[in-house]
Protein chains: 2
Amino acid sequence: MSQDQIKELVDRYISLSFSVAKKGENLVKCQIGDDLTNDQHYTLRYIHNVNVCTSTELAEVFEVKKSAITAIINRLWEKGLIQRTRDEKDRRVVYLTLTEKGNMLFAETENRIHKLVESLINRFEQKEIEQFLDTYEKLNQVLTESKDFKVEE
Amino acid sequence: MSQDQIKELVDRYISLSFSVAKKGENLVKCQIGDDLTNDQHYTLRYIHNVNVCTSTELAEVFEVKKSAITAIINRLWEKGLIQRTRDEKDRRVVYLTLTEKGNMLFAETENRIHKLVESLINRFEQKEIEQFLDTYEKLNQVLTESKDFKVEE
DNA sequence: AGTAATAGTTAAACAGTTTAATTATTAAAC
DNA sequence: GTTTAATAATTAAACTGTTTAACTATTACT
């Protein structure tokens with residue numbers, strides 16, 4: 001691959017990833033409505049998937065500081081969507097789970113997002129999506145491995 | 001495509017897009033350093049590409065309200081990276097351009113991001129990237145057309 | 001001339017973020 | 001065993017980015 005070809009691919013990727021991220025976020029926000037923010041929904045999704053977790057775990061997964069998690073969990077807790085339970089063995093630990101209300105709201109919201117994504121996916125051939133997702137998955141892996149990428153001077 | 005197949009593809013896409021976005025943002029942030037935020041860099045990139053623009057144009061492109069643009073432009077202006085010039089014909093309009101300093105900082109930062117993305121892209125076959133970007137581009141188009149998607153009840 | 005619309009800003013309020021300090025608890029060292 | 005480390009979570013202050021609503025200045029319409 002020549003330098004020019006690489007530069008062109010890099011440029012294309014950078015502007016596409018920016019544009020797709022912005023537009024995707026906005027569309028998701030429309031589906032979620034006013035009860036939750038996107039980040040709050042993502043948080044509910046994670047807890048829903050793992051069933052139980054801690055702030056430390058969320059901070060690692062979302063790659064933010066624990067105090068950022070405390071803030072977001074506080075807001076979900078104030079809305080009655082999340083339960084905090086202290087570990088009786090190790091009383092430093094607080095387990096996070098969804099309340100009944102949290103589960104309901106998540107299910108509703110997730111359903112709308114599913115319908116949105118389904119309507120997007122239906123615009124493609126199955127084969128094309130699968131290829132796309134395969135590369136996307138690989139990209140996700142490469143991003144994980146590049147976590148400590150440094151430009152050599 | 002069966003319902004289950006669709007559901008699986010949708011699930012895969014949702015979690016991947018979330019994960020890739022988060023990790024990508026974090027990697028970019030590492031390259032940008034402490035002089036700029038990601039959004040500030042994106043703003044500089046847009047102005048750099050079009051050379052001259054207005055707040056209204058930025059608000060449309062970024063899909064945010066104009067007051068959000070005022071805030072971000074103020075911060076870039078305070079750092080001496082952006083120039084504001086009133087239109088002499090229509091004195092309501094303010095043209096935004098990069099200052100010398102803005103151009104320099106953008107070039108430096110963009111260069112580091114380019115090297116990052118290049119290192120990512122090099123992990124793939126050229127053919128695979130091109131296919132991926134083609135679908136990504138189509139997705140971007142579909143997202144634009146879906147701007148007013150509503151779930152039918 | 002008088003009313004609409006447009007471009008941009010300001011102010012208040014909120015979500016999400018970081019850094020630094022703090023509390024409570026457990027683990028390790030000696 | 002007591003003291004020192006480390007860990008889990010929270011709090012407080014500060015900042016960025018966002019929206020809504022009100023406002024200023026200017027231009028366009030009728």
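The values are calculated or read from the model by the stated rules, or taken from the named source; none is laboratory data. Note that the structure is predicted; figures quoted are calculated from it, not measured. Heads up, the Cβs are rebuilt from the backbone with ideal geometry, glycines too, and the neighbour counts pull from every protein chain shown. Note: accessible area is taken over every heavy atom of the protein model, side chains too, but ligands, DNA and RNA are not part of it. Shrake-Rupley method; radii C 1.70, N 1.55, O 1.52, S 1.80 Å.
Screening the candidates A:35, A:4 for the property of being more than 28 Å from residue A:144 (Cα to Cα) and more than 9 Å from every other protein chain (Cβ to nearest Cβ) yields one hit, A:35.
Among the residues of the range A:99-108, are any in contact with a Leu (Cβ under 6 Å, 6 or more places away or on another chain), away from DNA strand C (no atom under 16 Å from the Cβ) and either under 14 Å from residue B:9 (Cα atoms) or aromatic (Phe, Trp, Tyr) (or both)? No - not one qualifying residue is present in the range A:99-108. In the range A:23-31, the count of residues that are under 18 Å from the mean Cα position of the chain (by Cα), of a type in the set (S, T, N, Q) and more than 9 Å from chain B (Cβ to nearest Cβ) is zero.
Scanning the range B:139-153 for residues that are more than 7 Å from chain A (Cβ to nearest Cβ) and modelled with pLDDT of 90 or more yields one hit, B:141. In this structure, is residue B:122 under 21 Å from residue B:27 (Cβ atoms), open to solvent by 30 Å² or more (accessible area, probe 1.4 Å) and of a type outside the set (Gly, Ala, Ser)? When the stated conditions are applied, residue B:122 passes them.
Among the residues making up the range B:79-114, those that are facing chain A (nearest Cβ under 9 Å) and touching a residue at least 60 places away in the same chain (Cβ under 8 Å) are B:110, B:112, B:113. As an exercise: evaluate residue A:97 against (1) within 20 Å of residue A:32 (Cβ to Cβ); (2) open to solvent by less than 50 Å² (accessible area, probe 1.4 Å) and give the number of the one condition it does not meet. Here residue A:97 meets the rest and fails (1). Restricting attention to the range B:129-148, the residues that are of a type outside the set (Ser, Thr, Tyr) and open to solvent by 40 Å² or more (accessible area, probe 1.4 Å) add up to 9. Scanning the range A:105-119 for residues that are open to solvent by less than 30 Å² (accessible area, probe 1.4 Å) and polar (S, T, N, Q) gives a single hit, A:109.
Would you mind stating whether residue B:11 is more than 10 Å from chain A (Cβ to nearest Cβ), free of Cβ contacts under 8 Å to residues at least 12 places away in the same chain and open to solvent by 30 Å² or more (accessible area, probe 1.4 Å)? Against the criterion (more than 10 Å from chain A (Cβ to nearest Cβ), free of Cβ contacts under 8 Å to residues at least 12 places away in the same chain and open to solvent by 30 Å² or more (accessible area, probe 1.4 Å)), residue B:11 does not qualify. With respect to the conditions (1) at the interface with chain B (Cβ under 7 Å from one of its Cβ atoms); (2) modelled with pLDDT of 95 or more, residue A:117 falls short on a single one, namely (2).
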